[in-house]
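Working notes for the structure below.
The values are calculated or read from the model by the stated rules, or taken from the named source; none is laboratory data. Note that the structure is predicted; figures quoted are calculated from it, not measured. We place every Cβ from the backbone using ideal geometry, glycine too, and count neighbours over all the protein chains shown. These accessible areas exclude ligands, DNA and RNA; they are computed on the full protein's heavy atoms, side chains included. Shrake-Rupley method; radii C 1.70, N 1.55, O 1.52, S 1.80 Å.
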Amino acid sequence: ISEWLDIHNPATNEVIARVPKATQEEMSAAADSCSRAFHSWSEMSILARQQIFLRYQQLIKDNIVRFTIEQNNFVFADLFFAEVVEHSCSITSLMLGETLPSITKDMDTYTYRLPLGVCAGIAPFNFPAMIPLWMFPMGMVCGNTYLLKPSERVPTCTMLLAKMLQDAGAPDGTLNIIHGQHDAVNFICDHPAIKAISFVGSNQAGEYIYERGSKNGKRVQSNMGAKNHGVVMPDANKENTLNQLVGAAFGAAGQRCMALSTAILVGEARSWLPELVERAKALRVNAGDQPGADVGPLISPQSKERVCSLIQSGVDEGAKVLLDGRNVKVKGYENGNFVGPTIIGNVTPEMKCYTEEIFGPVLVVLEADTLDDAISMVNNNPYGNGTAIFTTNGATARKYTHEVDVGQVGVNVPIPVPLPMFSFTGSRGSFRGDMNFYGKQGIQFYTQIKTVTSQWKAEDATLKSPAVTMPT
Ligand code: NAD
């Protein structure tokens, strides 16, 4: 080990752990270990792999409190914590191929769905357990071995997950973890044994990884940043809508890729703004492990600085800060990276606080006269991760879901993250690649198809001379 990376508690900025940065030799050893394990793992009975993941999902649930402790510096609701692992246990039917008998005389065609080889994941900080669990279980249950690079800012959950997978019976070499930053990312993008990369994180990193990985012939899916709009119609259930909006904007201090960070108040719904501010004001800012905390700290001092400067950019460009969390003080945690709930009104689409992902507890509010105006605003924004409409009118909801160009749409559901029998279908500027995360698309991402065409002729149908045409 030549270098250690410090892990900080974001509520105090104290160092709570250190992680060894993998050297080039260690990273090569990890990739080689995955390569060596691939043959026996992919040839293992699919039922045996299924059993390992059945045990694994149970172990995760039995130890959920350990993850809560690891993550307690955030205020989390890790909604889909083990669901993707549970879904991976249905692998026996998910991996089925297709068959078509008698495509011509005595000839049948069938397909096998097969693993790719070594696959890799590069994870962000904001869901330290959930996002790694969207990666390696899906990849591995298909028969791939897996190299995972957790976020260098929250690597401890991943280590816990890896240990539990070992306890569930995964053979040595099937999952390897490397720690680090850019060098580790470049290693993954360049290593010839790695066939596919699943990335989650910012656009800056995701676009780079997509380009470098694809150039090297790998499959890459990059799930990236967002600017998710909540469109509030005047006929919406006001009580529900305001509560949902506040919860989805400020939960986890806005550090969710599906946070509803932008509200568009349509027509008369504009008058709801003061009440929205009142509700946001009532949220309690505190360290994630303190009882009653609603809004935890940001991940780092740099993040706090960035969020505060984006709030200031709104002021400088003529927006109005209706609730300002920049000077929030949290007793006992004076050194933490806290920003309180912030609401910026009078925002227009060209402002920086609207064009950039803030990734903090900041809700920017725009106004629109009509539903059509709101739809064109959302469609003109480059991101396409998620959106929600709040209305009691079915026709309005239907028009919105059909016309909005965003990959995940909620109707009176503020954070429409699909369960894993579906896939996580962020689109446009929030995604690069052609096969999404988990669900059917996840299985496609981690597998390739082999198509076998076979002919078994009866003795008396033996060819009498060479067939020079394409056999059909
Ligand atoms: P990040 O991009 O800083 O880090 C993600 C990973 O990429 C880390 O493992 C990091 O080591 C690596 N990395 C960072 N900068 C890099 C660079 N310049 N080149 C190569 N690799 C780099 O993201 P983060 O701050 O950890 O996470 C927050 C971001 O993730 C937000 O933009 C959020 O919207 C996004 N996110 C997206 C989804 C989704 O499903 N679309 C889910 C969660 C988070």
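Could you give me D for the range 156-285, from Stokes-Einstein at 25 °C and 0.890 mPa s, where the hydrodynamic radius is the Kirkwood radius over C-alpha pairs? Units µm² s⁻¹, please. Calculated translational D: 134 µm²/s.
Cross-link reach is defined here as a Cα-Cα straight distance under 21 Å, omitting same-chain residues fewer than 8 places apart; for Lys304 the lysines meeting it are Lys227, Lys281, Lys320, Lys329, Lys331, Lys352. The value of relative contact order for the chain, using C-alpha pairs under 8 Å at least six residues apart, is 18 percent. Using the Cα coordinates of the range 244-389, the gyration tensor eigenvalues translate into equivalent-ellipsoid semi-axes of 26, 16, 14 Å, sorted from longest to shortest. What lysines does Lys450 reach when the alpha-carbon gap must be under 19 Å and sequence neighbours fewer than 8 apart in one chain are set aside? Excluding near neighbours in sequence, the set is Lys195, Lys218, Lys440. Heavy-atom accessible surface of Ile177, to the nearest 10 Å², is about 40 Å², with a 1.4 Å probe and all protein chains retained.
Average accessible surface for the chain: 44 Å² per residue, computed with a 1.4 Å probe over protein heavy atoms with every protein chain in place. Computed from the C-beta positions of Ala29 and Arg428, the FRET efficiency with R₀ = 45 Å rounds to 0.70.
The loop-placed GluC sites (Glu not before Pro) in the range 346-376, going by DSSP, that have at most 11 neighbouring Cβ atoms within 10 Å of their Cβ come out as Glu350. Overall shape of the range 125-233 was characterised from the C-alpha gyration tensor. The equivalent ellipsoid obtained from it has semi-axes of 24, 19, 13 Å, in decreasing order.
Take the Cα of Glu207, step 7 Å toward its Cβ, do the same at Glu403, and the gap between the two points is 2.9 nm. Its residue count N fixes a reference of 2.2 N^0.38 Å for the range 224-322, and the Cα radius of gyration divided by that reference is 1.14.
What is the Å³ per residue value for the convex hull set by the Cα atoms of the chain?
Numbers: hull volume 81.5 nm³, N = 472.
Per residue, the Cα convex hull of the chain comes to 173 Å³.
Across the range 229-244, rounded Karplus estimates of 3J(HN,Hα) from the backbone phi angles (6.51 cos²θ - 1.76 cosθ + 1.60, θ = phi - 60°) give 9, x, 9, 9, 8, x, 8, 5, 6, 4, 4, 4, 4, 5, 5, 5 Hz, Gly and Pro being marked x.
Out of all DSSP beta bridges with both ends in the chain, state the antiparallel percent to the nearest 5.
Taking every DSSP beta bridge with both residues in the chain, the antiparallel ones total about 40 percent.
Taken along the Cα-to-beta-carbon direction at a fixed 7 Å, the label points for Gln302 and Asn412 span 4.4 nm. Of the trypsin sites (Lys or Arg not before Pro) found in the range 274-312, those in coil by DSSP whose Cβ has at most 15 other Cβ atoms within 10 Å are Arg284.
Keeping the other protein chains in place, figure out the carbon and sulfur percent of the accessible area of the range 229-411, with a 1.4 Å probe. Kindly include the intermediate steps, with their values, before the conclusion.
Details: 3400 of 7250 Å².
Its accessible area is 47 percent carbon and sulfur atoms.
Of the trypsin sites (Lys or Arg not before Pro) found in the range 79-176, those that fall in a DSSP loop while having at most 13 other beta-carbon atoms within 10 Å are Lys105. Taking a point 7 angstrom from the Cα of Lys329 along the C-beta vector, which residues in the range 270-311 have backbone N less than 18 Å away? In the range 270-311, the label zone of Lys329 (backbone N under 18 Å from the point 7 Å along Cα→Cβ) covers 284-287.
Once the Cα atoms are used to define both axes, helix 394-403 deviates from the longest principal axis of the chain by about 60 degrees. Taking the square roots of 5 times each eigenvalue of the Cα gyration tensor of the range 1-160, largest first, gives ellipsoid semi-axes of 37, 20, 12 Å. Set the Förster distance to 30 Å, then compute FRET efficiency between Ile449 and Asn380 from the Cβ-Cβ distance, nearest 0.05. The pair Ile449/Asn380 has a calculated efficiency of 0.20. Computed from label points 7 Å out along Cα-Cβ, the spacing between Gln312 and Lys105 is 8.3 nm.
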